[in-house]
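Visitor: Sharing a structure below in C-alpha cells format, with a few things to ask.
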Amino acid sequence: MRKLSRALRSGARRSGARRFGARRFGAMAAAVLVGVVLAAALAGWLVLRASLPRLDGRTAGTGVHSEVRVSRDAVGVPTITAQNRGDLAFALGYLHAQDRFFQMDLLRRAAAGELAALLGPALLPADRELRRHRFRDVAERAVASLDAPSRALLHAYANGANAGLSALRARPFEYWLLRAEPQPWRPVDTVLCAHAMFLQLQDPTGHLQLQRGLLRATLPEALWRFIEAGAPEWDAAIDGSRSEPPRIPTPEEIDLRSLGALPVAPPETSEHSADPAGSNNWAVAGSRTADGAALVANDMHLGLRVPNTWYRARLVQASADGFDEVGLTLPGTPSLIAGSNGHIAWGFTNSYGEFAKVIRLVPVPGDPDAYATVEGTQKLSYVDEIIEVKGAPSEHLKVAITPWGPVMGTDWQHRPYALDWVAHDPAAVNIKLLALEHIHSAAEALRAAGDFGMPGQNILVGDADGHIGWSIAGRLPRHSDTQPVVPQLSTDSAVGFEGWLAPAERPLVLDPAEGLLWSANARVVGGEAARRIGDDGMDRGARAAQIHADLQEAAPPLAPLTSLRVELDDRALFLERWRALLGQAIESAPDKRSAAAAQAVLARWSGHAAPNDPAFRLTVAFRHEVEARVFYMLVAPARLADREFNFEIPPSFEGPLWRLLQARPAHMLAAAYADWDTLLDEAFVASTRLPRECASEHMDLASCTWGRVNAVRIAHPLSAALPLLRGLLDMPTVGPPGAHDDMPRIQGTDFGASERFSVSPGHERDAYLHMPGGQSGHPLSPFYRAGFDAWVEGRPTALLPGPATHELVLMP
C-alpha cells in the first residue's frame, strides 16, 4: 500500500510537471504568436506609412521646366503655383497620383471595362457590359485628334502622375492588399476618366428608350401618352413655360377592368429605389447682391465613396498670361471642373438631355448577322475584346459593331439593338474646359461651353460685373426624327444623330429680368429649345421649384451664406399632399389597431426630412407603395409582352399618378382591386411593415425613424471585403437631414452632395466649399477625414486654402 501511495504521489508529481510544462509551452507559443502578429502589424503599418506622400522639402529632377511650389493648408488643400500651364498640369497630376491614384485607376478601368484584371472574376459581368462601348479605342482616337498643345498638356499631366507615383516610398496601400502593381498613367487614361463620368451621368444602355418603345408597342396610344405625361404642377423652368396636364384616357380608349387578370403586383425590389445622378445650382445677378458681383452656388449629387469624387485645389499660373482659380478638380484630369477664376464662377447639373439613340436592327431571314436598312442589307462586323482576369484565364468577348455604334443587347422582341451615343464619338471628349481659366464674362463662357468635351450639363455662370447665364455645356447632337427619345428602326429613312448643333442653334439664356437662374435636373426651358435638348429621364421640377422659391424669398442682399441655407433646405413640401392622403388612408383603414399606431406616428410630422421623424419615413414609404401599385398596374399589358423587362418608374410619373388619385376613374383600375380605396388600403398596410433596418432591432412604428433607414454610410471600395478594416477605411456612419429626392438637401444612404460651394467671383475670401471627405485617399493621412464633420453638420468652410502648413517645391 505504501508503495502504491508513493507511486501515485510520484505519478502526480510527474503529471503536474507535464501540466506545468504544457502551460509554459502554451504561454511561450502564445507569446511567439502575439509577437508574430505584432511584427506583421508593425510591418503592415510601416508599409502603410511608406505610401504617404512627402509634404515638405525640395525635390529635384521631377520633370518640370521651372520651379513649382505646392503649399498645403491645415486640411490638405493645395495651392499650386507654376510659371506655365504644362508645369501646372504636371504638378496637379503629381498630387492626384500621390493622394488618389487608386481612385484614378478605378475610374479608367471602369470606363475601359478592365476592372477584373485588378479585382478578379467577380467583376467580369461588369467588364462584359462596359467593354461593349470600347472606350479605350475611342479614347485613343480622341487623343490622336487633339491639337498639339492639348496633347502636350495631357502628356505633362501623365508625366506628373507617374512622377508622383514613383516618388512614394511604397506603392499605394490598396495595391498591397490586392497584391498588384499600379500601372503607369497615360494621356489616354485622362480621356477614359471623362468617359467614366459619361457612364455615371447618362444612360449607357438605352434602357429608358427601350421602355418607352415597349410601352408604345403594347399599350393604347392614349394610355402610353398619359403615362409619359409630366407633372406640370411642379414645373419650374427658367422661362416660365409649362407642360400640358395629363389627360386621363376615356373608357373607350382603355378599360383596365375589362382586361381580366393582369400582373398588377409590383415586382420585388429593394426598399429604396436607385437615386438619380443629379445636382443643384443657381446664379444670382449682381442686382441682388451687396457688391454687384454675381453669386453662383453648386452642389453636385453623386454616389458617395471614400475618397470623395472631387479634389480641392487652387491653381495659379504666375505669368503675364496667367490666371488664379480655385475649386474642384477630378483626379485623373488636369483642369478645374467647377469654381471661380476671380472673374467668373461656374457650376454644373446633369441635363438628362437626349445624348443617345437606340436603333433596333430589323433582321434579314436566314442570316443572323444581317440587318435591313433603307439603303439595303448590311452585316454586323465583330471585334474581339480580350478581358484580362486576375487569377483566371482571359476571356474573349465578341462585340458586334454597326455604323451607329455597338450592339448593346436585345429588345423586347429579342432582336439586337445598337446604341448611337455621343460618348462613342471621339469629338465629344476633349480638354476645352480649360478655356474657362482665361474667360472674364458670363457671355463668353456660354459661347465656349458648347465645345467642352464632357457629358451634356446645365452650366450656370456668373461674372464679377453681375451678369449671369445658362446653357448646355458639351456638344449637343442634332436629332434626326420627329419622335425624340424613343427607339428607331434600322430601316427608318433617317437613323441616329445627324451631326452636331451649330453654335447659333444652342439654347442659351443671358441676364434674365428676374436676376435669378436655377437648375436641378428638371426641364430648364420649353418650346424649340427643349426639343433640341431632348428628355432622357429628367427629374420632375419639385426640387427646382423649391430652390427658386427659396431664392425669391431670401432677404436681400443675397450672399454665399444665403446659398448655404438653400442647399440645406430639407423641408418636405413635395410630400405635404402625400401626408394628407396618408391621413385619409389611415382614417378608412379596416385594421383600427394599426391605423391608431400610424395616426400617432403621423401626428409627429415635422415637415422636414429630419432623422428623428418617423412620420416622414412612413409618408415616404406610403407614397412609394402607392406609386409602385399604380404604375405597374398601368403597364401590366407591357409586362405580359416581356416578363423579363426591368421596368423603371420615371420621375415624371408623379403627374399622371396624382391625377388618377384625384379623379379615381373606375376604368383605370385593374379588376384585382374592388375600388381605389382598396388599392390605397393595400399600400397603407405595406407601408406599415417595418424595413429591415428597424425590424432587425425589433422596433415599432414610432421608433422607426427616417434616420434609421437613411443613415449615411460612405465606404472605401475595398472595405466590404475587409470588414476588420472598415473602421479605418470608411467614414463614420451618420444621420444628417435630407432625403433622396424632391428637396434641395438631397441625401441617400450612399448618395448626396459630393460638394457644396457658393462664391461671387472676385470675392473668393467670402466663399465656402465643403465635401463629404478629405483630400487624401490614405487612411493614415491627417487629411483623410478632414472636412467630413463640416459637411455632415452643414458648416461652411473656406473656399480658399488657409495659411500654408506644408510646402513642397518641385525643381527641374
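The values are calculated or read from the model by the stated rules, or taken from the named source; none is laboratory data. Not measured: the values here are computed from a predicted model. Glycine also receives a Cβ, built like all others from the backbone with ideal geometry; neighbour counts cover every protein chain displayed. To get the accessible areas, we keep the full protein, side chains included, count just its heavy atoms, and leave off ligands, DNA and RNA. Shrake-Rupley method; radii C 1.70, N 1.55, O 1.52, S 1.80 Å.
Visitor: Modelled label-to-label distance, D384 and W176, 7 Å Cα→beta-carbon offset: nm?
Guide: So the label points at D384 and W176 sit 4.1 nm apart.
Visitor: Of the trypsin sites (Lys or Arg not before Pro) in region 557-656, which ones lie in a loop per DSSP and count no more than 16 other C-beta atoms within 10 Å?
Guide: Values: sites: R565, R571, R577, R579, K592, R593, R604, R617, R623, R629, R639, R643; in loops: R604, R643.
Of the trypsin sites (Lys or Arg not before Pro), the ones in loops of region 557-656 whose Cβ has at most 16 other Cβ atoms within 10 Å are R604, R643.
Visitor: Right, another one. Counting C-alpha atoms alone, how compact is region 308-461: give Rg to one decimal and Dmax as a whole number, in angstrom.
Guide: 21.8, 69
Visitor: To the nearest 500 deg cm²/dmol, what mean residue ellipticity at 222 nm is calculated for the chain from DSSP H runs of n ≥ 4 alone, each contributing -39,500 (n - 2.57), summed and divided by the residues?
Guide: Numbers: 24 runs with 287 residues, N = 812.
Value at 222 nm, helices only, nearest 500: -11000 deg cm²/dmol.
Visitor: Another question, if that's okay. Set the Förster radius R0 to 41 Å, insert the Cβ-Cβ distance between V47 and R689 as r into 1/(1 + (r/R0)^6), and round the FRET efficiency to 0.05.
Guide: On the way: r = 48 Å, r/R0 = 1.18.
The value I calculate is 0.25.
Visitor: Same structure, new question: On the principal axes of its Cα set, how long, how wide and how thick is region 180-300? Give whole Å, largest value first.
Guide: Largest to smallest, the principal-axis extents are 61, 56, 27 Å.
Visitor: Just to confirm my numbers, what's the Cα centroid distance between region 578-592 and region 737-767 in Å?
Guide: 35
Visitor: Give the Kirkwood hydrodynamic radius (Å, one decimal) of region 472-555, defined as one over the mean of 1/r across all pairs of different Cα atoms. Mind showing how you got there, number by number?
Guide: Numbers: mean 1/r = 0.0661 Å⁻¹.
Hydrodynamic radius (Kirkwood, Cα pairs) of region 472-555 is 15.1 Å.
Visitor: Over the chain, what is the mean sequence separation of C-alpha contacts under 8 Å (at least six apart), divided by residue count, expressed as relative contact order in percent?
Guide: Dividing the mean separation by the residue count of the chain yields 20 percent.
Visitor: How much of the DSSP bridge set in the chain is antiparallel, in percent, rounded to the nearest 5?
Guide: Numbers: 86 of 97 bridges.
Rounded to the nearest five, the antiparallel share is 90 percent.
Visitor: If you average the alpha carbon positions of region 703-729 and of region 164-207, how far apart do those two centres end up, in angstrom?
Guide: The two parts, judged by their Cα centres, are 24 Å apart.
Visitor: Extending each Cα 7 Å along its Cβ direction at N646 and V364, get the distance between those two points in nm, one decimal.
Guide: With each label placed 7 Å out from Cα toward Cβ, I get 3.4 nm.
Visitor: Are there cysteines in the chain with no other Cys C-beta under 4.7 Å, and if so, which?
Guide: So far as the 4.7 Å Cβ criterion goes, C193 stand without a partner in the chain.
Visitor: How large is the translational diffusion coefficient of the chain in µm² per second when you combine the Kirkwood radius over alpha carbon pairs with Stokes-Einstein at 37 °C and 0.692 mPa s?
Guide: Values: Rh = 28.9 Å.
Taking Rh from Cα pairs, D becomes 113 µm²/s.
Visitor: Express the Stokes-Einstein translational diffusion coefficient of region 552-635 in µm² s⁻¹, to the nearest whole number, given a Kirkwood radius over alpha-carbon pairs, 10 °C and a viscosity of 1.306 mPa s. Don't jump to the answer; show the numbers that get you there.
Guide: On the way: Rh = 14.9 Å.
Value of D from the Cα-based Kirkwood radius: 107 µm²/s.
Visitor: Extension gain A318-S588, at 0.36 nm per residue separation less the Cα-Cα distance, in nm? Don't jump to the answer; show the numbers that get you there.
Guide: Working: separation 270, 0.36 × 270 = 97.20 nm, distance 7.14 nm.
Taking 0.36 nm per residue and subtracting the Cα distance, the gain is 90.1 nm.
Visitor: If you don't mind, another one. Over region 394-450, give the accessible area per residue in Å² for a 1.4 Å probe, as an integer.
Guide: It amounts to 38 Å² per residue over region 394-450.
Visitor: Here's something else I'd like to know. Go through region 323-405 and name the GluC sites (Glu not before Pro) that are in a DSSP coil and have 10 or fewer other Cβ atoms within 10 Å of their Cβ. Write out the running numbers ahead of the final one.
Guide: Working: sites: E325, E354, E375, E385, E388, E395; in loops: E354, E375.
The qualifying sites are E375.
Visitor: Convex hull over the alpha-carbon atoms of region 482-522: what's its volume per residue in Å³? Please report the intermediate quantities before stating the final value.
Guide: On the way: hull volume 5.4 nm³, N = 41.
Per residue, the Cα convex hull of region 482-522 comes to 131 Å³.
Visitor: Write down the Kirkwood hydrodynamic radius of region 119-164, to one decimal in angstroms, obtained as one divided by the mean of 1/r over all alpha carbon pairs.
Guide: 12.8
Visitor: In addition: Whole angstrom only: what separates the Cα centroid of region 461-540 from the Cα centroid of region 77-148?
Guide: 29
Visitor: Report the per residue volume, in Å³, of the convex hull enclosing the C-alpha atoms of region 391-477. Mind dumping the intermediate values first?
Guide: Values: hull volume 15.2 nm³, N = 87.
It comes to 175 Å³ per residue, whole-number rounded.
Visitor: Suppose the chain between E375 and R54 were pulled fully straight at 0.36 nm per residue; how much longer would it get relative to their current alpha carbon spacing?
Guide: Numbers: separation 321, 0.36 × 321 = 115.56 nm, distance 6.26 nm.
Separation in residues times 0.36 nm, less the Cα-Cα distance, equals 109.3 nm.
Visitor: Please compute the Kirkwood hydrodynamic radius of region 702-793 from all pairs of different C-alpha atoms, in Å with one decimal. Intermediate results must be reported in sequence, preceding the final value.
Guide: On the way: mean 1/r = 0.0676 Å⁻¹.
One decimal place: 14.8 Å for the Kirkwood radius.
Visitor: Report the GluC sites (Glu not before Pro) located in region 575-652 that are in a DSSP loop and have at most 15 other Cβ atoms inside 10 Å of their Cβ, or state none.
Guide: Details: sites: E576, E587, E625, E627, E644, E648; in loops: E644, E648.
Listed in order of number, the matching sites are E644, E648.
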